[in-house]
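Below you'll find the structure, written out as structure tokens, and then a few comments.
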Amino acid sequence: MPTPRRAIAAWVLYDWAYGAPAAVITTFVFSTYFTQKVAADPATGAAQWAGMQAVAGLAIALLSLPLGALADRGGRRRAFLAVATALMVACTLPLWWVRPQPSDVWPALLLVGVGTTAFEVATVFYNAMLPGLVAPNRIGRLSMLAWGAGYAGGLVCLGLCLTVLVFPKPPHFGLDPAQAEPVRATALLAGGWLLLFGWPVAVFVPDAGRPQPWRLALREGVGELRTVLRDALAVVPLRRFLIARLLYMDGLTTLFAFGGIYAAGQFGLTATEVLIFGIGLNVTAGIGALGFAFVEDRIGAKPTILIALAALTGLSTALLLLHDKTLFWVLGHALGLFVGPAQAASRSLMARMAPEGARAAYFGLFALSGRVTGFVGPLALSLATAAFASQRAGMAVIVVLLAGGAVLLARVRLPASQFGTAGQP
């Protein structure tokens with residue numbers, strides 16, 4: 001029986017919804033506000049924010065796989081997703097009360113840490129819904145379209161935050177700039193955005209399987225957990241793919257975490273220019289995801305990821321070698337064209353590899369592979385920068401991680417059914 005179009009639309013809309021807290025809270029607005037205005041000083045704030053992200057990463061690594069297994073066996077992916085989304089909203093809206101003073105550091109860190117954990121855990125149940133929505137030969141297209149919608153939603157919400165709340169002088173709605181209320185109000189907009197656009201997925205996307213009693217679901221979930229972990233070690237293609245993704249995701253995470261710092265240090269970009277560059281990078285990433293939407297179903301997820309990683313490796317190398325600011329802007333934004341495809345095609349490849357009855361657990365493993373070594377890239381970058389007294393040498397770590405992931409992924413052998421309509425390369 002075909003999936004109703006409203007279910008597919010609701011699934012894509014969720015990507016549009018949760019792009020908002022990622023752009024507004026984690027990447028651009030609130031994280032900067034926290035380090036610059038809430039913490040005792042920017043250096044301390046950056047260290048506290050990084051520590052919070054590390055703790056959240058540990059929580060995600062511990063929770064994603066067992067919760068995914070429990071959701072599989074209980075037949076309650078929608079319920080788990082709804083709870084995780086509600087927790088995100090409940091942690092985002094109260095950030096409005098985080099004042100520009102050090103006494104509010106720990107409430108802010110607690111809210112963002114729990115919200116980040118809920119955000120990542122929600123993707124486990126959300127991604128597990130993908131294979132049940134469309135035929136296998138259209139999974140890549142839907143994944144790419146939704147990923148592009150996520151970038152678009154985040155950017156639209158961010159644009160509203162900046163043009164309606166942050167930039168106007170004097171501020172709208174009687175907001176007090178002395179208490180940073182225009183910036184704090186962005187949390188209300190981001191939380192409201194998530195609530196407004198995120199609920200349809202829990203209503204219109206059908207659940208897989210029949211709900212089971214919690215005790216039985218827990219017992220069977222533990223058994224599934226053992227099976228998934230065993231397969232991760234024993235099934236060679238799965239093991240290689242997860243390790244490959246671990247490497248190139250570390251590279252991408254490090255690129256986004258330190259790209260702005262590198263741009264400012266090597267090319268003299270101001271804080272405003274870094275913000276504009278980051279927004280532009282998200283625009284090109286969304287365009288890339290949408291542009292590859294029909295390509296992946298034609299050539300397959302693995303070739304799509306390899307093309308994206310080859311381009312990312314080449315462009316990253318060029319960015320480390322050049323010294324011209326204009327070329328940096330051009331090649332930097334070209335880099336974004338391949339970020340979205342690498343991430344979205346990874347999701348669709350996992351969707352194809354996961355067995356039907358254990359998809360949430362496998363996506364829990366997928367989330368684990370993206371988080372468990374998230375400290376490696378930043379640590380290696382820091383050590384290389386210190387050893388060679390050069391930001392360029394430090395950023396070269398990203399090239400190594402991207403290239404290493406590509407080499408390992410190239411050795412993953414998949415059944416012909418998991419390639420595109422053009423067949424296995």
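Using a cutoff of 8 angstrom between alpha carbon atoms and counting only pairs six or more residues apart, the relative contact order for region 222-376 works out to 34 percent. Entry note, the chain: the mean residue ellipticity at 222 nm calculated from DSSP H runs of n ≥ 4, each adding -39500 (n - 2.57), is -25000 deg cm²/dmol after division by the residues and rounding to the nearest 500. Peptide packing: for 315-322, 59-66, 15-22, the average count of neighbouring Cβ atoms within 10 Å per residue gives the ranking 15-22, 59-66, 315-322, highest mean first.
A prolate overall shape is assigned to region 72-138, the ratio a/c of its alpha-carbon gyration tensor axes (a ≥ b ≥ c) being 1.5 or greater and a/b exceeding b/c. Let me know the shape class of region 1-139, please: from the alpha-carbon gyration tensor, a ≥ b ≥ c as square roots of the eigenvalues, rounded when a/c is under 1.5, otherwise prolate if a/b is greater than b/c, or oblate. Because a/c hits 1.5 or more and a/b exceeds b/c, region 1-139 counts as prolate.
Each residue of region 342-350 in turn: what ³J(HN,Hα) in whole Hz from Karplus with 6.51, -1.76, 1.60 and θ = phi - 60°, glycine and Pro shown as x? Taking θ as phi minus 60°, the curve returns 4, 6, 5, 5, 5, 4, 5, 5, 5 Hz for region 342-350. Each Cα pair under 8 Å and six or more residues apart adds its separation to the average, and for region 307-407 the resulting relative contact order is 33 percent.
In loop segments of region 327-415 as defined by DSSP, the trypsin sites (Lys or Arg not before Pro) with at most 11 further C-beta atoms inside 10 Å of their C-beta are Arg411, Arg413. Using C-alpha pairs below 8 Å separated by at least 6 residues, the relative contact order for the chain is 27 percent.
In a shell of Cβ-Cβ distance under 14 Å around Leu402, excluding Leu402 itself, what net charge do Lys and Arg (+1) and Asp and Glu (-1) give? Summing Lys and Arg as +1 and Asp and Glu as -1 gives 0.
With a ≥ b ≥ c taken as the square roots of the eigenvalues of the C-alpha gyration tensor of the chain, please select rounded if a/c is under 1.5 and otherwise prolate if a/b is larger than b/c or oblate if it is not? It comes out oblate by the Cα gyration axes.
Values in this text are rule-based calculations from the coordinates and carry no lab data. Nothing here was measured: the structure is a model prediction, and the numbers come from that model. Every residue, glycine among them, receives a Cβ derived from its backbone with ideal geometry; neighbour counts consider all protein chains shown.
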